[in-house]
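Have a look at the structure below before the remarks.
The values are calculated or read from the model by the stated rules, or taken from the named source; none is laboratory data. Everything numeric in this text was worked out from a predicted model, so none of it was measured. Cβ sites come from the backbone with ideal geometry, for glycine too, and all protein chains shown count toward neighbours. Accessible surface areas use protein heavy atoms only, side chains included; no ligands, DNA or RNA. Shrake-Rupley method; radii C 1.70, N 1.55, O 1.52, S 1.80 Å.
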Amino acid sequence: RIPVKVLGIETSCDETGVAVYDTAAGLRAHAVYSQIELHAQYGGVVPELASRDHVRKLLPLIRQTLAEAGLETAGIDGVAYTAGPGLVGALLVGAGVARALAWALDVPAIGVHHMEGHLLAPLLEDDPARGRPEPPFVALLVSGGHTQLVHVAAIGRYRLLGETLDDAAGEAFDKTAKLMGLPYPGGPQLAALAERGRPGAFRFARPMTDRPGLDFSFSGLKTQVLLAWQGSDRGEQTRADIARGFEDAVVETLAIKCERALDAAGCETLVVAGGVGANKRLRARLEDMAHRRGGRVSFPRPAFCTDNGAMIAFAGALRLQAGQHDTAAVRVTPRWDM
Ligand code: KG4
Ligand code: ZN
């Protein structure tokens with residue numbers, strides 16, 4: 001295959017991500033600008049503000065990333081961007097810039113599925129000890145918008161094994177954090193608080209683990225936490241204890257279903273991606289499981305678990321090498337099954 005250098009652009013939500021991936025040399029440069037502070041005062045992402053901030057940050061970030069990669073735009077063989085799913089206005093900023101740049105440079109533009117980007121992120125960097133994980137494997141995608149188990153027979157060949165019937169795992173973290181008064185974005189804050197919590201002080205259900213199947217449901221957990229919180233002294237230690245109980249319930253539920261999915265698919269390799277993949281306790285629990293089974297689990301580094309341009313550049317480079325790219329029409333897909 002001819003080596004390619006691809007510029008990747010991610011603007012599906014509240015992170016502006018840009019990166020250059022080179023199939024011969026690996027990741028050349030990457031940068032993420034997070035809009036967290038902008039949205040924190042509203043307690044969640046405000047779509048119109050997100051779009052406007054992408055407009056402000058994207059071009060400077062592209063210049064900075066190309067400079068870090070030691071490249072001029074002329075050295076780029078393709079421009080990949082997140083075409084969906086995500087916030088439509090935010091997606092259009094990335095798509096518009098990517099398509100215009102590709103047109104001006106006379107190189108292909110490649111619209112990438114955001115979740116395929118997450119799914120391939122564990123393959124982005126070489127693991128010196130074990131090499132990159134190779135399909136077939138099972139992928140656990142756990143972000144703010146999705147919780148899915150996917151069987152990956154080969155790159156581009158995906159089969160959904162199970163998914164959440166209501167809240168995504170990250171959404172459950174965020175909503176639970178909010179109801180205990182933690183600031184947005186709650187997931188990482190709740191995880192940090194749980195570190196000070198005592199294991200077993202509060203025990204919450206492991207939803208849907210008592211019956212067969214690979215689907216998830218996290219919305220009931222949030223209600224359990226609400227009742228526990230309201231019935232408590234609402235002190236600092238109690239909040240940490242509840243956070244710990246909640247985190248343990250989510251981690252245990254995800255681990256049980258991952259093991260089941262590996263059994264069902266006859267695989268021994270698990271990859272984990274999406275924002276919740278940055279969770280330390282989840283990482284440790286899945287490492288234990290893989291060790292016990294004699295299998296393997298791979299995670300991207302935490303910065304590539306959450307939204308970033310590197311995963312989009314990487315997914316775009318693989319697609320470009322496989323001869324796939326966009327036609328002339330500019331199109332984004334806010335709701336899109338992989
Ligand atoms: O993948 P991502 O950056 O954006 C989406 O595509 O959704 O995931 C963000 C989600 C948020 O819900 C956030 O609270 C959660 O990932 N998250 C975490 C942690 N870091 C991020 N949840 C639990 N523990 C963490 N350390
Ligand atoms: Zn994401």
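Could you list which residues have their amide H under 5 Å from that of SER217, counting only those 5 or more apart in sequence or on another chain, with H placed in the peptide plane?
Here the answer is LEU165, since their amide H atoms fall under 5 Å of that of SER217.
Report the charge-dipole magnitude of segment 191-303 in Debye, nearest 20, computed about the Cα centre from +1 at each Lys and Arg Cβ and -1 at each Asp and Glu Cβ.
160 debye
Ranking request for peptides 93-100, 8-15, 25-32: highest mean number of other beta-carbon atoms within 10 Å first, then the rest in descending order.
8-15, 93-100, 25-32
What fraction of the DSSP beta bridges in the chain is antiparallel, stated in percent and rounded to the nearest 5?
60 percent
Restrict the search to segment 16-100; then list the chymotrypsin sites (Phe, Trp or Tyr not before Pro) that DSSP places in a loop and that have at most 15 other Cβ atoms within 10 Å of their Cβ.
Those that pass, being in a loop and sparsely packed, are TYR42.
How would you order 221-228, 138-145 from highest to lowest mean count of nearby Cβ atoms within 10 Å?
So the order, starting with the most tightly packed, is 138-145, 221-228.
Rolling a 1.4 angstrom probe over the protein heavy atoms, how many square angstrom per residue are accessible across segment 189-254?
46 Å²
Could you tell me which of MET180, THR164, PRO207 has its Cα farthest along the dipole of the chain towards the positive end, charges placed at Cβ (Lys, Arg +1; Asp, Glu -1), taken about the Cα centre?
Farthest towards the positive pole: PRO207.
Can you tell me the FRET efficiency between ALA24 and LEU49 if r is taken as the Cβ-Cβ distance and R0 is 41 Å, rounded to the nearest 0.05?
Computed FRET efficiency for ALA24 and LEU49: 0.55.
Treating cross-link reach as a plain straight distance, find the lysines whose alpha-carbon is under 27 Å from the alpha-carbon of LYS222, omitting any fewer than eight places away in the same chain.
Candidates past the 8-residue exclusion: LYS175, LYS178, LYS257, LYS280.
Could you tell me which of ILE155, LEU91, PRO108 has its Cα farthest along the dipole of segment 74-194 towards the positive end, charges placed at Cβ (Lys, Arg +1; Asp, Glu -1), taken about the Cα centre?
Value computed over the given set: LEU91.
Please compute the length gained on full extension between ALA67 and GLU252, using 0.36 nm multiplied by the number of residues separating them and subtracting their Cα-Cα distance.
62.2 nm
From Cα pairs below 8 angstrom and at least 6 apart in sequence, can you work out the relative contact order of the chain, rounded to a whole percent?
25 percent
Once phi is turned into ³J(HN,Hα) by the Karplus curve 6.51 cos²θ - 1.76 cosθ + 1.60 with θ = phi - 60°, what whole-Hz value does each residue of segment 276-292 show in order, with x for glycine and proline?
Running phi through 6.51 cos²θ - 1.76 cosθ + 1.60 with θ = phi - 60° gives 5, x, 7, 5, 4, 5, 5, 4, 5, 5, 6, 4, 4, 4, 4, 4, 4 Hz.
For HIS39, HIS151, write out the residues from largest to smallest accessible area, computed with a 1.4 angstrom probe and no ligands counted.
HIS151, HIS39
Taking the Cα centre as origin and putting +1 on Lys and Arg beta-carbons and -1 on Asp and Glu beta-carbons, what dipole magnitude results for the chain, to the nearest 20 debye?
340 debye
Going 7 Å from the Cα of ASP337 in the Cα-to-Cβ direction, what parts of segment 182-220 have a backbone nitrogen less than 18 Å from that spot?
Answer for segment 182-220: 214-216.
Round to a whole angstrom and tell me the spacing of the C-alpha centers of segment 245-264 and segment 102-166.
20 Å
Treat every Asp and Glu Cβ in segment 1-100 as -1 and every Lys and Arg Cβ as +1, leave all other atoms uncharged, and give the resulting dipole magnitude about the Cα centre to the nearest 20 debye.
240 debye
Tell me which residues come under 5 Å, amide H to amide H, from ALA29 once H is placed; ignore anything under 5 positions away on its chain.
Under 5 Å from the amide H of ALA29 lie the amide H atoms of VAL20, each far enough along the sequence or on another chain.
May I ask for the net charge around ILE110, where only other residues with Cβ less than 9 Å from the Cβ of ILE110 are counted and Lys, Arg are +1 while Asp, Glu are -1?
So the surrounding residues net to 0.
Calculate the spin-label point distance for ARG293 paired with LEU165, positioning each point 7 Å from the Cα along the beta-carbon direction, and give it in nanometres.
Label at LEU165, label at ARG293, 2.4 nm between them.
Round to the nearest 10 and give me the degree value, 0 to 90, for the angle of helix 309-321's Cα axis relative to the longest principal axis of the chain.
50 degrees
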